[in-house]
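The structure appears right after this line, and notes come after that.
The values are calculated or read from the model by the stated rules, or taken from the named source; none is laboratory data. All of these numbers come straight from a predicted model, not from anything done at the bench. Positions of Cβ are backbone-derived with ideal geometry, glycine not excepted, and every protein chain shown enters the neighbour counts. These accessible areas exclude ligands, DNA and RNA; they are computed on the full protein's heavy atoms, side chains included. Shrake-Rupley method; radii C 1.70, N 1.55, O 1.52, S 1.80 Å.
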Amino acid sequence: MTGVVARLADGIAAIPADQWDACAGTANPFVSHAFLSALEDSGSAIAQAGWQPIPIIVDGADGAPAAVMPAYAKSHSQGEYVFDHGWADAWTQAGGSYYPKLQIAVPFSPVPGPRLLLRDPALAPALIAAAEAVVKRHDLSSAHATFVAVDQVPLFEAAGWLIRADRQFHWHNRDYATFDDFLGALSSRKRKSIRKERATAREGLEFVHLSGDEIRREHWDAFWRFYQDTGSRKWGRPYLTRQFFTLLGERMGDRIILMLALRDGRPIAGALNLLGDDTLYGRYWGCTEEVPCLHFELCYYQAIDAAIARGLSTVEAGAQGEHKLARGYQPTETYSAHYIPHPGFRRAVADYLEHERRAIEADIEALDEVGPYRKDE
């Protein structure tokens, strides 16, 4: 587009919250100014951690941002959940430098959502072109928009970006009034299995759902212990700082559901969820006491309970996890878009993605066949 000028900002926090959110909307809490600035202000997503925030902005005729993109200069590939380590190794072996790269994403959050935040939808091509210009001007290897909302995939594809497919497991509300209504849609064997798991997990425990001012410092302290335990086992060290959770509670507590399992009034496990306009997003979980089936109860079944009670259409419970299939979560394609200016490298990646996509499609088809729902459902 001619006459359009894009600029880089020195972090999300440098942009007024109302201006950012006018582009981001309300449907997805992860692209909100509150969430992204909490990552920066807490020291979780900053240059020293390998996530240098450089949001890309196109201003409108009124001088305020009309299109923005959450973008980061990355010095590694950690915390992305779309794995490109093999690409990095190949680029390095060929004598190139894969890092830094441009990452268009929500740090540490494998949550599909908009990556082109548009107050003026006509500016989508200009925003994509601006990302390409950043790559070329700063001699970066590539740009990667991860967990792109399905309705924005064609915009990247039209610009010539390579599209990569993967899958997650999401639960879909079919106008259930109760959890038993949901169970009624499953095969008899799966219904019995879930009831048994819930009874096992809940024995001797109390479960509470906290939001807003109900979440006090001691609750965050307890959840921080849970998060550290999970993070140390999964990633070696947690990505997020303790301050992040405090800021998250202060800035968007009304969009949080903190689910805790209590034994004799003391939290022993917790799961952090964020509320979208029509979706419950399960993000982090952890425990200090091992209880059989508690992970399933706290992360999957309690989330379904909450979604039904609020009339939400979907629960997204994070990346990976074929064990979610037996709990009523269905395979759902997710997408990322990749800009690789080097012709040879682009051809190699394109060939890889074509083979990978066929494998993903076959995997989803096979998983659908063995899902827990009755065939008449």
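Of all the residues in the range 311-360, those that are within 21 Å of the chain's Cα centre (by Cα), assigned to a helix (DSSP H, G or I) and over 24 Å from L102 (Cβ atoms) number 6. Kindly indicate whether S42 is touching a Phe, Trp or Tyr at 6+ places or on another chain (Cβ under 6 Å), touching a residue at least 24 places away in the same chain (Cβ under 8 Å), more than 25 Å from A24 (Cβ to Cβ) and among the polar types (S, T, N, Q). Answer is no for this residue.
When the range 325-340 is filtered for residues that are closer than 15 Å to Y300 by Cβ and hydrophobic (A, V, I, L, M, F, W, C), the ones remaining, listed by number, are L325, A326.
To keep it simple, each residue is scored yes or no on (1) open to solvent by less than 30 Å² (accessible area, probe 1.4 Å); (2) of a type in the set (V, I, T).
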residue	(1), (2)
E289	no, no
F296	no, no
A303	yes, no
A307	yes, no
G318	yes, no
E322	no, no
T332	no, yes
A337	yes, no
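Please tell me if S109 is within 24 Å of I46 (Cβ to Cβ) and within 21 Å of the chain's Cα centre (by Cα).
When the stated conditions are applied, S109 passes them.
For the structure I just gave you, tell me whether Y281 is hydroxyl-bearing (S, T, Y) and either in contact with a Cys (Cβ under 9 Å, 6 or more places away or on another chain) or farther than 26 Å from E206 by Cβ (or both). No; evaluated as a whole, the condition is false for this residue. Of the residues making up the range 280-294, those that are touching a residue at least 12 places away in the same chain (Cβ under 8 Å) and farther than 11 Å from L258 by Cα are L280, Y281, G286, C287, T288, E289, V291, P292, C293, L294.
For the range 164-203, filtered to residues that are aromatic (F, W, Y) and assigned to a helix (DSSP H, G or I), the residue that is most open to solvent (accessible area, probe 1.4 Å) is F179.
Counting only strands (runs of 3 or more DSSP E) that fall entirely inside the range 39-113 and contain at least 1 residues that are out of contact with any helix residue (DSSP H, G or I) (no Cβ under 8 Å at 6 or more places or on another chain), the qualifying elements are 51-53, 56-59, 71-74, 101-104.
How about the range 14-36: which of its residues are open to solvent by 40 Å² or more (accessible area, probe 1.4 Å), part of a helix (DSSP H, G or I) and aliphatic (A, V, I, L, M)? Steps first, please.
To start, the set of residues in the range 14-36 that are open to solvent by 40 Å² or more (accessible area, probe 1.4 Å) comprises 14, 16-19, 21-22, 26-27.
Imposing the further condition that a residue be part of a helix (DSSP H, G or I) reduces the set to 14, 17-19, 21-22.
Across the range 14-36, the qualifying residues are A14, A17, A22.
Scan the range 112-130 for residues that are under 12 Å from the mean Cα position of the chain (by Cα) and either open to solvent by 10 Å² or more (accessible area, probe 1.4 Å) or among the small types (G, A, S) (or both) and jot them down.
Within the range 112-130, P112, G113, P114 meet the criteria.
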